[in-house]
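Below: one structure, written as structure tokens.
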Amino acid sequence: MVSNMNIQSVEFEEHTGGSLGENGKWFNNLIAQIVRDTISPRITNWEDVSLAEKQLIFDRLDNKFEYEKTNLVIAEVERLAMRAIREGRCKMRRHWKQLGGLGNKDSPKRKPYKGVSQDDWDFLCNYFGTKKQMEISEKNTNNRFNRPLEGAHGSKTLVQHYHTAVDPVTGELPSVVDTFEKFFHKGGQWKNDWAAQKHAEMVDLRLTQSESEEFTSTVDNVRQPKDVNIMTQVLGSRSRYVKGLGPLPKLSVVGGSRATNISSKHHDDYGKFTTMQKTIDEQNLTIREQHQKFEALLHQLQQVIPGFSFQPPPTCSSIRPPLPPPPPPSSTM
């Protein structure tokens with residue numbers, strides 16, 4: 001048991017791993033601060049972070065917070081750290097873009113981003129200016145323009161919002177439909193027409209349900225607020241993400257099994273066929289070469305030994321026919 005009075009206790013949602021309460025908000029913010037202070041801005045993937053730096057994140061968290069390090073919590077810390085890396089890089093690229101990096105990737109090098117060394121900034125300017133990163137940035141920009149709404153839950157996660165508004169008597173989480181209205185209907189008006197339309201669809205769908213119907217649903221045994229099924233029907237869904245609730249933990253963390261990727265399996269089968277066919281072709285070539293050498297030897301013997309005769313065994317059965325090829329993998333899969 002930790003005795004330091006300055007250490008705060010943090011609770012986490014039992015199934016999603018999301019932190020709860022005001023301490024949970026500070027916990028999340030500290031992860032972002034540690035990432036900014038300790039991890040090189042050159043890092044682009046969590047896998048590239050050294051074990052020493054990863055351990056440092058948990059050591060510094062332990063100096064401030066007391067919490068149970070379950071697999072879900074550890075996965076949530078790593079997810080938040082990776083998000084902090086992405087957000088930091090996004091801010092640096094925005095700075096690079098404002099200094100004219102799109103026209104000349106070297107021109108922003110004269111004014112490094114705050115807290116970034118000149119060497120790291122030179123590296124980032126070159127990185128941002130690569131063709132691949134320019135294409136990714138353009139694609140992400142187009143995707144953002146197509147978003148009907150931006151998140152309105154502030155620095156608190158959606159999980160924190162719902163657990164803050166839990167019913168103190170029943171312990172029931174609030175409805176996502178009502179919370180959607182809370183986020184996007186302020187000052188007597190909706191954020192935009194899309195939000196108003198989608199909320200009306202969710203309300204109408206909720207009215208069609210029987211009063212005796214159970215409104216609390218679960219996904220992967222995750223306890224969810226009421227009406228999540230309604231919001232999912234109206235807003236759609238994404239893999240490992242429930243709109244209106246937030247990200248779900250990775251399948252590897254909760255012990256689930258990932259559905260077979262048909263496209264990948266098809267490519268794997270076609271690759272195995274190609275390898276097998278190549279082996280057969282090489283074996284057939286070897287057999288043909290050995291047969292030709294044998295015939296040449298017989299011809300030499302017949303020239304040296306008068307009346308020599310030898311009938312070689314048939315070889316057609318030794319040559320393996322090619323396999324019937326499967327259809328090639330589609331480029332659209």
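The values are calculated or read from the model by the stated rules, or taken from the named source; none is laboratory data. Because the structure is predicted, anything quoted here is derived from the model rather than measured. Virtual Cβ from ideal backbone geometry, glycine too; neighbours counted across all protein chains shown.
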| Do we find a residue being over 17 Å from R42 (Cα atoms) and either of a type in the set (F, W, Y) or at pLDDT 90 or above (or both) anywhere in the stretch 145-159? | yes
| query | When G17 is evaluated against the numbered criteria (1) more than 30 Å from W121 (Cβ to Cβ); (2) not in a loop (DSSP other than H, G, I, E, B), which criterion, by number, is the only one it fails? | reply | (2)
| request: State whether the residues of the stretch 146-157 include one that is β-branched (V, I, T), within 21 Å of M92 (Cβ to Cβ) and either surrounded by 17 or more Cβ atoms within 10 Å (Cβ to Cβ) or out of contact with any strand residue (DSSP E or B) (no Cβ under 7 Å at 6 or more places or on another chain) (or both). | output: no
| message | Criterion first (closer than 30 Å to V73 by Cβ and either in the same structural domain as G18 (by TED's automatic domain parsing) or surrounded by 12 or more Cβ atoms within 10 Å (Cβ to Cβ) (or both)) does V169 satisfy it? | response | no
| field | Filtered residues of the stretch 96-123 (kept if exposed (fewer than 14 other Cβ atoms within 10 Å of the Cβ) and assigned to a loop (DSSP other than H, G, I, E, B)) | value | G100, G103, N104, D106, K111, K114, G115, S117
| task | Exactly one condition in (1) in a helix (DSSP H, G or I); (2) touching a residue at least 24 places away in the same chain (Cβ under 8 Å); (3) not acidic (D, E) is not met by N140; state its number. | result | (2)
